1. Identify all residues within region 36-50 that are open to solvent by 10 Å² or more (accessible area, probe 1.4 Å) and either in a strand (DSSP E or B) or over 12 Å from Leu5 (Cβ atoms) (or both); write none if there are none.
2. Using the structure shown, decide if Asp38 is charged (D, E, K, R), touching a helix residue (DSSP H, G or I) at 6+ places or on another chain (Cβ under 7 Å), over 18 Å from Gln95 (Cα atoms) and in contact (Cβ under 8 Å) with a residue 12 or more places away in the chain.
3. Under 6 Å by Cβ, and 6 or more places apart or on different chains, what pairs join a residue from region 51-64 that is in a loop (DSSP other than H, G, I, E, B) with one that is at pLDDT 90 or above and of a type in the set (Gly, Ala, Ser)?
4. Can you name the condition, by its number, that Ala93 falls short on among (1) open to solvent by 20 Å² or more (accessible area, probe 1.4 Å); (2) modelled with pLDDT under 80?
5. Can we say Arg67 is of a type outside the set (A, V, I, L, M, F, W, C) and at pLDDT 80 or above?
6. For region 180-202, how many residues are closer than 18 Å to Gly97 by Cα and open to solvent by less than 30 Å² (accessible area, probe 1.4 Å)?
7. Out of all the residues in region 1-35, which are part of a helix (DSSP H, G or I), in contact with a strand residue (DSSP E or B) (Cβ under 6 Å, 6 or more places away or on another chain) and in contact (Cβ under 8 Å) with a residue 24 or more places away in the chain?
8. Residues of region 172-201 being touching a Gly at 6+ places or on another chain (Cβ under 7 Å) and assigned to a loop (DSSP other than H, G, I, E, B), which ones?
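The values are calculated or read from the model by the stated rules, or taken from the named source; none is laboratory data. In this text the structure is predicted, and so the values were computed from the model without any measurement. So basically every Cβ, Gly included, is an ideal-geometry build from the backbone, and we count neighbours across all protein chains shown. Accessible surface is based on the protein model in full, side chains and every heavy atom, while ligands, DNA and RNA are left aside. Shrake-Rupley method; radii C 1.70, N 1.55, O 1.52, S 1.80 Å.
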Amino acid sequence: MTRLLIVDDEALVRAGLKMILESDEELEVVAEAEDGADAAAMVKEHRPDVVLMDIRMPRLDGLAATREVQALPEPPKIVVLTTFDLDDYVFRALQAGASGFLLKDTPPRELVQAIKVVAAGDAMLSPAVTRRLIGHFAGDPRADRRRTAQERISRLTEREREVLVEVGRGLQNADIGRKLFMSEATVKAHVSRALVKLDASNRVQVAILAYEAGLLDG
């Protein structure tokens, strides 16, 4: 059973999400919070596996709340909820350690599957939408940021770099394995080592780094 916390200031949204998520017998909404200011306390009390975090809330926005939750011991996975036409809050939330993002109009079946993917330890990276999100919020990296990203990536082996590029393109481990002719377990090992070397907490941050380093150009 995957335990969930919903953080959103709209009661109707919380109710709708709860109804959709609990339609799957493997998911349970253990708590709800109507503002980011309550998120950390709710996490401490209810110990959810995944937090669905709205971005815009009246007292404490999703970005600050994500940072607070990530600072806790053994924090849960965080999925940012957005309408996509927001400002750079979404990009900054991913940098702060969120495991991915979902559009609020995501179809119910895809929403449930996405939560399961994140709960299993993967990031929610939709190939098309993630590239668009990164490009939209990151813009053209400044020279100093690109240079810094390239220096960090230079720590990787050639094979780890190849895997990094495919992660940046939104592929999951099984797809990367088929494309690069290696087992899924080997891909997972490369990803794990890359995360450590890059001091990244999840695949979304790796994708952003790959973008900033110019590896996804062309």
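1. If the condition is that a residue be open to solvent by 10 Å² or more (accessible area, probe 1.4 Å) and either in a strand (DSSP E or B) or over 12 Å from Leu5 (Cβ atoms) (or both), then Ala37 is the only one that fits.
2. On the way: charged (D, E, K, R): yes; touching a helix residue (DSSP H, G or I) at 6+ places or on another chain (Cβ under 7 Å): no; over 18 Å from Gln95 (Cα atoms): yes; in contact (Cβ under 8 Å) with a residue 12 or more places away in the chain: yes.
Spelling it out, it is not the case that Asp38 is charged (D, E, K, R), touching a helix residue (DSSP H, G or I) at 6+ places or on another chain (Cβ under 7 Å), over 18 Å from Gln95 (Cα atoms) and in contact (Cβ under 8 Å) with a residue 12 or more places away in the chain.
3. Between residues of region 51-64 that are in a loop (DSSP other than H, G, I, E, B) and residues that are at pLDDT 90 or above and of a type in the set (Gly, Ala, Ser), the close pairs are Met57/Gly36; Arg59/Ala37; Leu60/Gly36; Leu60/Ala37; Asp61/Gly36.
4. (1)
5. Numbers: of a type outside the set (A, V, I, L, M, F, W, C): yes; at pLDDT 80 or above: yes.
It is true that Arg67 is of a type outside the set (A, V, I, L, M, F, W, C) and at pLDDT 80 or above.
6. Within region 180-202, residues that are closer than 18 Å to Gly97 by Cα and open to solvent by less than 30 Å² (accessible area, probe 1.4 Å) number 5.
7. As a first pass, look at region 1-35 and keep what is part of a helix (DSSP H, G or I): 11-21.
Next, only the ones that are in contact with a strand residue (DSSP E or B) (Cβ under 6 Å, 6 or more places away or on another chain) stay: 14, 17-18, 21.
Of everything in region 1-35, those that are part of a helix (DSSP H, G or I), in contact with a strand residue (DSSP E or B) (Cβ under 6 Å, 6 or more places away or on another chain) and in contact (Cβ under 8 Å) with a residue 24 or more places away in the chain turn out to be Leu17, Leu21.
8. Matches in region 172-201: Ser183, Ser201.
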